[in-house]
Structure formats: C-alpha cells, structure tokens
Amino acid sequence: NKPLLSSLIFYPATLFAIDQNNNQQSDIWEELFQAHNLPANGDPDLDGWDNASESQAGSDPFDAQSHPVLTVQTNFPAGISIHWKVNSGKDYHFQHSNQLHPSSWTTLRTFSPDHNNSIHFSTDSTPASPQFFRINISDRD
C-alpha cells in the first residue's frame, strides 16, 4: 500500500506587497487588526502562529481561534478531500511535490476568494508515487 498523503501544511509566502516599515507584516493587516509594533516572531494569542505567519494568512493575532486550520479526509480507494477557511485579499496555492526540495513544488490549483469563506478541494485519484502537499498563502494587497 502506498501512502496517499505524506504531508499537508500551510506555507506562508515570504513576500509582502505593502510593508513600508519592513517588519515582515502587511501594513494593511496591521491596520485591520490594530497590530502595530508587533514583533514578527511574537505570538500574543499563544496559538502557535507567529505574527508574520498570521499576517500572511490574514488571521487575527489577538484571537487564538483565528489561524489557518485544515480538515483532511482520505477518499478511499483513491484521492483526498481538503477543507480550510480563507480570507479575502489572499491567494491560496494548493501545491504538490514528490520531494521537499524548495524548487520542486507544482501548483495544482489557485484559489482567489473575494470574501471570507471556506474552500473545499478534492482529488479523485491516488498519485503513482508518494506525494507531499502544501497550501502556499500569498498576499494580494
């Protein structure tokens, strides 16, 4: 039996469209959540997501329940179903690779929601070899 799902993670992109104070956090996110002067590696809500990651995901740095959460279900005999909450102003790139090398990822699909909602994505086949999956979140501000 081949493993269907080797890894599934959120992967925040490292570029920020508007970051005039060069603190690795979107200026729009800082204004939206009144999160000015927070250190990029801080975690005021103690949810395990640092401020730079919360900024990239568009989640509230002061609410421990506000962070990316994935629900993953295997669809036997083949495929997977993935469900996650999304925020407007973000692009979500569902990617896969058969190795963890940074340049080996291929985007299967990009989601660009216009409002806060959730995304459901399914595959209907099992890869021929073990695969890694990730969701790369990028900013549209």
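The values are calculated or read from the model by the stated rules, or taken from the named source; none is laboratory data. Keep in mind that what you see is a predicted model, and the values were worked out from it rather than measured. As a convention, Cβ positions derive from the backbone with ideal geometry for all residues, glycine included, and neighbour counts pool all protein chains shown. These accessible areas exclude ligands, DNA and RNA; they are computed on the full protein's heavy atoms, side chains included. Shrake-Rupley method; radii C 1.70, N 1.55, O 1.52, S 1.80 Å.
For this structure, a couple of remarks:
- Selection within the range 64-99 - in contact with an Asp or Glu (Cβ under 6 Å, 6 or more places away or on another chain) and farther than 22 Å from H120 by Cβ: A64
- Sole exception among (1) in contact with a strand residue (DSSP E or B) (Cβ under 6 Å, 6 or more places away or on another chain); (2) modelled with pLDDT under 85; (3) open to solvent by 30 Å² or more (accessible area, probe 1.4 Å) for A128, by number: (1)
- The single residue among Q65, Q73 that is out of contact with any Leu (no Cβ under 8 Å at 6 or more places or on another chain), open to solvent by 40 Å² or more (accessible area, probe 1.4 Å) and part of a loop (DSSP other than H, G, I, E, B) turns out to be Q65.
- Here N21, N37, N41 are screened, and the one residue that is surrounded by fewer than 14 Cβ atoms within 10 Å (Cβ to Cβ) and either in contact with an Asp or Glu (Cβ under 6 Å, 6 or more places away or on another chain) or touching a residue at least 40 places away in the same chain (Cβ under 8 Å) (or both) is N41.
- Filter result for S53 (touching a Pro at 6+ places or on another chain (Cβ under 6 Å), of a type outside the set (F, W, Y), modelled with pLDDT under 90 and open to solvent by less than 60 Å² (accessible area, probe 1.4 Å)): yes
- Residue selected from the range 89-141 under the condition touching a His at 6+ places or on another chain (Cβ under 9 Å) and aromatic (F, W, Y), by the criterion nearest to I18 (Cα to Cα): F111
- Residues that are open to solvent by less than 40 Å² (accessible area, probe 1.4 Å) and assigned to a strand (DSSP E or B) were ranked within the range 80-92; the one that is farthest from Q56 (Cα to Cα) is I80.
- For S103, the stated conditions hold: it is among the small types (G, A, S) and open to solvent by 80 Å² or more (accessible area, probe 1.4 Å).
- A residue that is at pLDDT 80 or above and within 11 Å of the chain's Cα centre (by Cα) occurs nowhere in the range 73-81.
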